[in-house]
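Following: one structure in structure tokens, then a few remarks.
The values are calculated or read from the model by the stated rules, or taken from the named source; none is laboratory data. Quantities reported herein were computed from a predicted structural model and do not represent experimental measurements. For neighbour counting, all protein chains shown are included, and Cβ atoms are generated from backbone atoms with ideal geometry for every residue, glycine included. Side chains are part of the model used for accessible areas, which takes the heavy atoms of the whole protein and leaves out ligands, DNA and RNA. Shrake-Rupley method; radii C 1.70, N 1.55, O 1.52, S 1.80 Å.
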Amino acid sequence: MTDLLSLTPDAARDALGDWLAVRALPAYRLKQVLPRLWQRPVRRWPDASDLPADLRGALDEAFALTALQLVTRQVSSDGTEKFLWKLADGEMIESVLIPEGKRRTLCISSQAGCALGCVFCATGQMGFRRNLSAAEIASQVRELILLDPEQKPTNVVFMGMGEPLLNWGAVDTTLTILNHPDGFGIGARHITVSTVGILPHLARFARRAEQFRLAVSLHSPTPAGRLALMPIEKKYKLPDLLQALTAFRRRVTFEYVLIAGKNDTPEDADRLATLAAPLGALVNLLPLHPGGAPGLTPSPRSQMLAFERRLKSKGVEAVLRRSRGLDISAACGQLRVEVETRRKVRPQEHAHVE
Ligand code: SAH
Ligand code: SF4
């Protein structure tokens with residue numbers, strides 16, 4: 001059965017057009033059916049009450065619509081909401097909705113778990129479960145609209161569970177679904193992919209014509225410091241990553257989690273400034289959230305502020321981010337689904353690195 005929700009809107013239009021033609025149904029039906037995938041979504045075809053009953057029934061038989069089952073929805077005291085979804089095979093993923101003024105940013109997952117085992121990250125600690133399909137990734141937005149059309153996110157960030165560039169095929173399609181006018185119609189500048197820097201796929205991302213934003217998780221300005229925090233440094237090395245970013249024609253954001261005694265000295269700030277300045281990169285400084293390896297502690301607030309000031313004094317644009325949703329474990333890097341029934345796998349055992 002064709003999974004329309006895993007196709008780009010253009011491919012879904014073709015598939016539906018062919019299907020209507022084979023049944024000798026009028027072509028104008030396409031204009032009624034296609035918007036029910038993403039623009040004005042229905043959970044099930046029978047809910048599309050503007051369509052004749054026999055067409056609804058036939059669509060229902062031909063095209064099952066991927067659904068995420070909402071398991072829990074928690075609201076933080078600061079308005080951040082966390083959604084736990086169950087997939088058809090029982091795997092679980094999370095999304096986080098962060099309201100800020102008129103903006104509603106949805107932080108989505110691209111994989112169940114993550115193979116890369118960054119020491120500070122809760123998702124990394126749970127290991128890799130599987131890749132998500134484009135339908136499963138984009139449906140995190142779809143389900144929110146189904147719950148309440150007013151809730152449609154204005155911004156989407158791939159900062160939930162998983163490494164998006166290790167699931168490039170599905171993420172590539174999802175970017176089109178998010179941005180396309182027949183999809184969710186979210187502006188490319190409001191869509192951010194966050195990655196540790198999987199170089200072959202970074203190049204593919206860079207080749208996309210739309211102005212999608214790129215965030216690179218740096219976390220240390222030296223190869224040795226980075227290796228101590230992020231095993232991926234073994235495979236894709238900092239100098240090569242920086243080289244790749246020089247060729248990237250759009251502005252990059254560096255994500256930098258401040259961890260006491262690991263990456264937060266004035267020398268680290270100076271080295272980071274020498275990397276960020278020539279690229280014109282914006283540096284997002286993130287307080288460490290709990291959930292990663294034990295023994296890591298956030299940098300003291302005064303040190304974080306000093307780090308930010310030092311970057312700024314070198315002409316680098318830096319922002320110390322507030323923690324959001326901490327009370328419901330909804331902050332970036334805190335997303336982790338406890339899998340009770342199956343053996344926990346260690347990240348290294350599933351290193352699906354290319
Ligand atoms: N795998 C991708 C995207 C998901 S992680 C990546 O690593 O970029 C999204 C962001 O959360 C990354 O910048 C990551 O470094 C950050 N993060 C992970 N663990 C964190 C923690 N314990 N505290 C704060 N941020 C964390
Ligand atoms: Fe995976 Fe990103 Fe977490 Fe590293 S920080 S383990 S790449 S989700």
Review point. On the accessible surface of segment 3-98, probed at 1.4 Å, how many percent belong to carbon and sulfur atoms?
Key: 52
Practice item. Enumerate by residue number the trypsin sites (Lys or Arg not before Pro) in segment 3-109 meeting two conditions: DSSP loop (anything except H, G, I, E, B), and at most 15 other Cβ atoms within 10 Å of the site's Cβ. Key: R23, R43, R44, K102
Exercise for review: Mind checking segment 161-233 for trypsin sites (Lys or Arg not before Pro) that DSSP puts in a loop (not H, G, I, E or B) and that have at most 11 other Cβ atoms within 10 Å?
Suggested key: R207
Point to revise | Theoretical ellipticity at 222 nm over the chain - DSSP helices of four or more residues, -39500 (n - 2.57) apiece, nearest 500 | key: -9500 deg cm²/dmol
Study note, to complete from the structure: Out of G17, G79, G295, a Gaussian network model of the chain with alpha-carbon springs under 10 Å gives the largest mean-square fluctuation to G295
Check your understanding: Could you give me the ³J(HN,Hα) list for segment 206-211, computed from phi with Karplus coefficients 6.51, -1.76, 1.60 and θ = phi - 60°, whole Hz, x at Gly and Pro?
Key -> 5, 6, 5, 6, 6, 8
Check your understanding: Rg to Rh ratio, the chain, alpha-carbon atoms and Kirkwood radius?
Key -> 1.00
Check your understanding: Under a 1.4 angstrom probe, counting protein chains only, how are D89, D268 ranked by accessible area, largest first?
Key -> D89, D268
Practice item. Name the most mobile residue of L116, L16, L25, meaning the one with the largest mean-square fluctuation, in a Gaussian network model of the chain with Cα contacts below 10 Å. Key: L25
Check your understanding: Roughly what angle does helix 238-247 make with the longest principal axis of the chain, taking Cα atoms, 0 to 90 degrees, to the nearest 10?
Key -> 60
Point to revise | Cα gyration tensor, segment 43-140 - rounded (a/c under 1.5), prolate or oblate | key: oblate
Study note, to complete from the structure: Honestly segment 11-54 on the Cα gyration tensor test (a ≥ b ≥ c root eigenvalues; a/c under 1.5 rounded, otherwise a/b vs b/c for prolate or oblate) is just oblate
Review point. Among A170, A21, A228, which one moves the most in a GNM of the chain with springs linking Cα atoms closer than 10 Å?
Key: A21
Study note, to complete from the structure: Taking a probe of 1.4 Å and leaving out DNA, RNA and ligands, the chain shows per residue an accessible area in Å² of 44
Point to revise | segment 107-163, accessible surface, carbon-and-sulfur percent (1.4 angstrom probe) | key: 52
